[in-house]
Amino acid sequence: MVDKVLPQNYADTEDENYYVCEECFLHPDIKIYIKEKGINHSCCLCHKEALCVNAVEDKGLRTIFSFLIRHYYSCLEYDNHGLNEFTELLSKDNPIISIPDGCDTDVVEYLTEDQPIALFFEPPISWPLKELGSKRWKNILSDLEQQNYDDVESKYLNKLETLIRKNLTSDYSNDYWFRARIGNEEKKMKLDEYGYECPIKSPFLGKDISAPPPSKAVECRANRTGISHLYLATTIDTAIAEVRPAPGHYVSIGTFKVDEGLKILNLCHTNILDYVSQESDYDDYVLYDIFRSEFETPLTPDKSNRYYKSQFITDIAKRCGADGLMFNSSVSTGINLVLFNTSNATYQDHQEKLVKIKKQSYRYGFVSFEKDNLRETYEEIVKE
Ligand SMILES: [Zn+2]
């Protein structure tokens, strides 16, 4: 057995052996939980002194752990194994916890103690629940294929209102927001008193870089044709990436300040901590995570008609009182903010910029085309 490094004030109680640190959990939502609730202690798995939560005393941690197991493992994987085998399963690569070789794994017994197993027995039992998706979303998509979107919105508005309102936030602070447009103004600059002029390029300003008028608004991720929304980004890089310029393009950049106190639908992250108070919350978690991924997943230009899904979510958010929504950019590392009322942001004079695109870079993963190994690698490779 591995000797444990115990803190000086270590009390000789059973529970003292079951502190687990932030580092040993791999899932980002558990890390968030430990950052909020943890105390400095020695971790029973890695034996480091770190921010820890006690698995025996902390019911919240055990509940989150149970939800995640249900999410990532099938009933067969969980139930056909005794505890030791399940601990073995968690000792291999998994998205929840890192169990170092040779350490005492009793703590897993406590973490899985409250396992609410009801959903494990829903068919098909050989699939992890995350693979099953959301029945509600499947119904919505089926209705959207056969009915007018406003009828479908009316049908589901009440059913989705609580979930949408739960995710409205006023915490979207960023000093400045940016917007890019491919192109520039061509002006003439007077060089001297004899009237010599030279052509110069300057960025679009004011209304020329703000949201287009409804008559010119074409459909996008969060608007239908003829509906004008203001799309902004947290960084200049993200704003540029979103308009997908090619090398050689000039791109104008505008700077905006966004009003405070708006209600913004936060689609950047689905935190499981918000969905663990009862069994039925699980379906809300899955559904909202689908909403998030609809905004975050890149769509190639030939598939832009699939925007009808994110447009449906946008319309429901609007009807629930949202002033806008924010989501992770699918082409950059920043965040996009869409304002439904274009006057909720103010254009900042004298902060305009004009850039010229020099090079484009790509991130890609290899896709296997061999029969025995049909998968896509998730490793991202950057080549410039
Ligand atoms: Zn640890």
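Would you calculate the separation in nanometres between label points at Asp175 and Trp127, each defined as 7 Å from the Cα along the Cα-to-beta-carbon direction?
In this crude label model, Asp175 to Trp127 measures out at 4.9 nm.
Order by neighbour count: Phe86, Phe65, Phe327, fewest other Cβ atoms within 10 Å first, most last.
Phe86, Phe327, Phe65
For Glu145 and Leu273, what is the calculated FRET efficiency with R₀ set at 45 Å and r taken between the beta-carbons, to the nearest 0.05?
With a Förster radius of 45 Å, E is 0.85.
Under a Cβ-Cβ cut-off of 15 Å, what is the net charge of the residues other than Lys207 that fall near it, where Lys and Arg count +1 and Asp and Glu count -1?
With Lys, Arg at +1 and Asp, Glu at -1, the neighbours total -1.
What number, in percent, do you get for the relative contact order of region 169-357 if the mean sequence gap of Cα pairs under 8 Å and at least 6 apart is divided by its residue count?
It rounds to 32 percent for region 169-357.
Report the extension gain between Asp237 and Glu57 in nm, rounded to one decimal, defined as 0.36 nm multiplied by the number of residues separating them, less their alpha carbon distance.
So the extension gain works out to 60.3 nm.
Net charge around Thr225, counting only other residues with Cβ within less than 14 Å of its Cβ (Lys, Arg = +1; Asp, Glu = -1)?
+1
Full-extension gain between Lys135 and Leu26, please, as 0.36 nm times their residue separation minus the C-alpha to C-alpha distance.
Residue separation times 0.36 nm, minus the Cα-Cα distance, leaves 36.4 nm.
Give me the number: length gained by fully extending Glu49 to Ser343, i.e. 0.36 nm times residue separation minus the C-alpha to C-alpha distance, one decimal in nm.
100.7 nm
For the chain, calculate the relative contact order in percent as a whole number, restricting contacts to Cα pairs under 8 Å that are 6 or more residues apart.
In percent, rounded to a whole number, it is 15.
Compute the signed sum of charges (Lys and Arg +1, Asp and Glu -1) over the other residues within less than 14 Å, Cβ to Cβ, of Glu185.
+3
Please identify the DSSP H helices in the chain that span no less than 18 Å along the helix axis (Cα) and have a mean Kyte-Doolittle hydropathy of 0.0 or more.
59-72
Place +1 on the Cβ of every Lys and Arg and -1 on the Cβ of every Asp and Glu in the chain, take the dipole about the Cα centre, and give the residue among Leu129, Leu144, Gly195 whose Cα lies farthest towards its positive end.
Gly195
Once every DSSP H run of n ≥ 4 in the chain is given -39500 (n - 2.57) and the sum is divided by its residues, what mean residue ellipticity at 222 nm do you get, rounded to the nearest 500 deg cm²/dmol?
Helix-only estimate at 222 nm: -8500 deg cm²/dmol.
In whole Å and largest first, what semi-axes does the C-alpha gyration tensor of the chain yield when each eigenvalue is scaled by 5 and square-rooted?
Listed largest to smallest, the semi-axes of the chain are 47, 26, 21 Å.
Read the figures in this text as sums done on the coordinates, not as results from a lab. Since the model is a prediction, treat every value here as computed from it, not as a measurement. Glycine also receives a Cβ, built like all others from the backbone with ideal geometry; neighbour counts cover every protein chain displayed.
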